[in-house]
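The values are calculated or read from the model by the stated rules, or taken from the named source; none is laboratory data. What you see is a predicted model, and the numbers here were worked out from it, not measured in a lab. Here the Cβ is made from the backbone with ideal geometry for all residues, glycine too, and neighbour counts use every protein chain on show.
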Ligand SMILES: NC(=O)c1ccc[n+]([C@@H]2O[C@H](COP(=O)([O-])OP(=O)(O)OC[C@H]3O[C@@H](n4cnc5c(N)ncnc54)[C@H](O)[C@@H]3O)[C@@H](O)[C@H]2O)c1
């Protein structure tokens with residue numbers, strides 16, 4: 001099948017590469033000149049484990065190409081996926097400008113029947129609007145389907161190639177058959193292809209992401225309560241996760257969720273609720289808990305050093321920060337809790353020495369260097385040099401096994417604030433450090 005991806009970001013590139021790998025001819029199109037130039041010179045613009053290899057293999061087999069020429073891409077494809085960004089607008093709802101622009105561009109280039117598939121996360125009713133835009137701009141036949149994407153950055157290739165389920169929202173047999181043919185190679189392990197109406201499919205993406213965000217805010221709330229009540233969240237987690245109805249997954253206390261999906265999707269669903277005159281009380285609380293959670297680690301810092309929460313309170317202090325990306329195995333800094341934590345530390349007067357295995361460049365483009373108060377170290381231990389304390393923000397696996405001897409030699413202070421509970425409190429204390437976890441004793 002000839003397929004075009006409109007939008008070659010995390011979703012478009014991974015989906016395009018995997019669809020090429022299963023034998024389709026794929027054009028990954030984008031309006032970003034630099035991105036396409038990079039891809040055409042053999043470089044992958046994002047960090048995603050395994051993506052380089054899949055792309056290289058399919059370039060060699062001539063099954064994948066990259067282009068800014070949307071007109072050419074549309075004319076030469078039967079199926080066109082829209083995988084552009086749907087960022088949060090200033091009022092919190094999903095900004096659909098890129099989706100609607102893509103729809104217009106597709107319509108103007110159509111030269112026969114096309115199946116247009118919304119892969120971007122979009123509110124209920126968007127496919128209908130896309131349909132209206134396309135109808136106004138073409139005389140050719142077409143279908144619009146919804147195909148929510150559930151891949152996770154950091155394991156995106158695996159998630160796309162072996163999905164737990166594929167959801168498609170369709171209103172024609174033809175669209176259903178085409179999508180069935182496209183996804184058949186990925187469903188050999190009998191994971192289901194769930195077919196539904198378009199509006200329900202659109203709602204499914206938000207419901208999935210908001211449920212996961214709810215689990216995170218729930219465990220963070222219980223974790224904060226554990227601290228007050230002198231209980232240990234690690235034990236509580238063990239105790240509740242054994243119940244199959246609850247499970248262990250996605251129940252890790254931390255510094256709040258971030259990334260390009262959960263924060264914006266929770267707010268977008270709250271707005272969808274409002275547009276139907278329905279107040280989504282639970283989701284509002286999920287967002288509120290998450291926003292507050294990003295302050296917890298710095299509050300612990302202030303408490304430990306017995307400082308007030310006022311400008312200049314941390315003047316003269318240097319903190320080492322391990323991990324910048326919103327989660328391990330990605331360079332994505334969108335809505336990363338580290339942004340809030342570093343900003344607050346510096347506003348309180350401190351200097352920050354940060355290290356991330358891959359996200360340094362994307363962090364620099366957002367955070368800069370705060371007039372020299374933020375420096376990026378070339379290794380995790382260099383970031384610790386003369387630091388008063390270490391703050392672990394993203395649980396990259398290289399931070400799990402550490403040399404306390406090196407830390408003792410390089411750090412000025414002996415304090416660790418573990419924002420992800422990756423260390424055993426007892427071990428850290430035995431090594432002579434003061435340890436603070438999230439909701440632990
Ligand atoms: N990143 C994830 O983990 C993830 C997972 C599931 C779903 N989603 C959803 O998928 C969508 C895309 O997310 P992403 O993270 O890949 O975004 P992204 O910002 O990484 O990529 C979007 C790309 O679309 C391009 N673009 C914008 N307008 C265009 C146009 N008219 N024509 C061609 N290209 C255009 C941009 O230049 C950019 O490269 C969003 O709706 C997101 O919510 C993301």
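Tabulated data for the structure shown
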read-out: Among (1) more than 13 Å from the ligand (Cβ to nearest atom); (2) buried (at least 19 other Cβ atoms within 10 Å of the Cβ); (3) in a loop (DSSP other than H, G, I, E, B), the one test that residue 145 misses; value: (3)
read-out: Subset of the range 250-280 [away from the ligand (no atom under 16 Å from the Cβ), over 20 Å from residue 337 (Cβ atoms) and touching a helix residue (DSSP H, G or I) at 6+ places or on another chain (Cβ under 9 Å)]; value: 273, 278, 279, 280
read-out: Residues (in contact with a helix residue (DSSP H, G or I) (Cβ under 8 Å, 6 or more places away or on another chain) and in contact (Cβ under 8 Å) with a residue 40 or more places away in the chain) located in the range 344-366; value: 344, 345, 348, 356, 357
read-out: Residue 46 vs. criteria in contact (Cβ under 8 Å) with a residue 40 or more places away in the chain, within 14 Å of the ligand (Cβ to nearest atom) and buried (at least 24 other Cβ atoms within 10 Å of the Cβ); value: no
read-out: Flag if residue 108 is assigned by TED's automatic domain parsing to the domain that holds residue 172, more than 9 Å from the ligand (Cβ to nearest atom), without any contact (Cβ under 8 Å) to a residue 60 or more places away in the chain and surrounded by 24 or more Cβ atoms within 10 Å (Cβ to Cβ); value: no
read-out: Matching residues in the range 74-105 - criterion: being closer than 25 Å to residue 280 by Cα and either in contact (Cβ under 8 Å) with a residue 60 or more places away in the chain or outside the structural domain of residue 17 (by TED's automatic domain parsing) (or both); value: 85, 86, 87, 88, 91, 92, 93, 94
read-out: Filter result (part of a helix (DSSP H, G or I) and within 11 Å of the ligand (Cβ to nearest atom)) within the range 8-37; value: 10, 11, 12, 13, 14, 15, 16, 33, 34, 35, 36
read-out: Output for the range 354-402, where each listed residue is at positive phi and loosely packed, with under 15 Cβ neighbours inside 10 Å; value: 368, 371, 372, 386
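Here is a yes/no grid of residues against (1) under 27 Å from residue 330 (Cα atoms); (2) at pLDDT below 95; (3) out of contact with any strand residue (DSSP E or B) (no Cβ under 8 Å at 6 or more places or on another chain); (4) assigned by TED's automatic domain parsing to the domain that holds residue 85:
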site	(1), (2), (3), (4)
140	no, no, no, yes
143	no, no, no, yes
169	no, no, no, yes
187	yes, yes, no, yes
190	no, yes, yes, yes
211	yes, no, yes, no
215	yes, no, yes, no
223	yes, no, yes, no
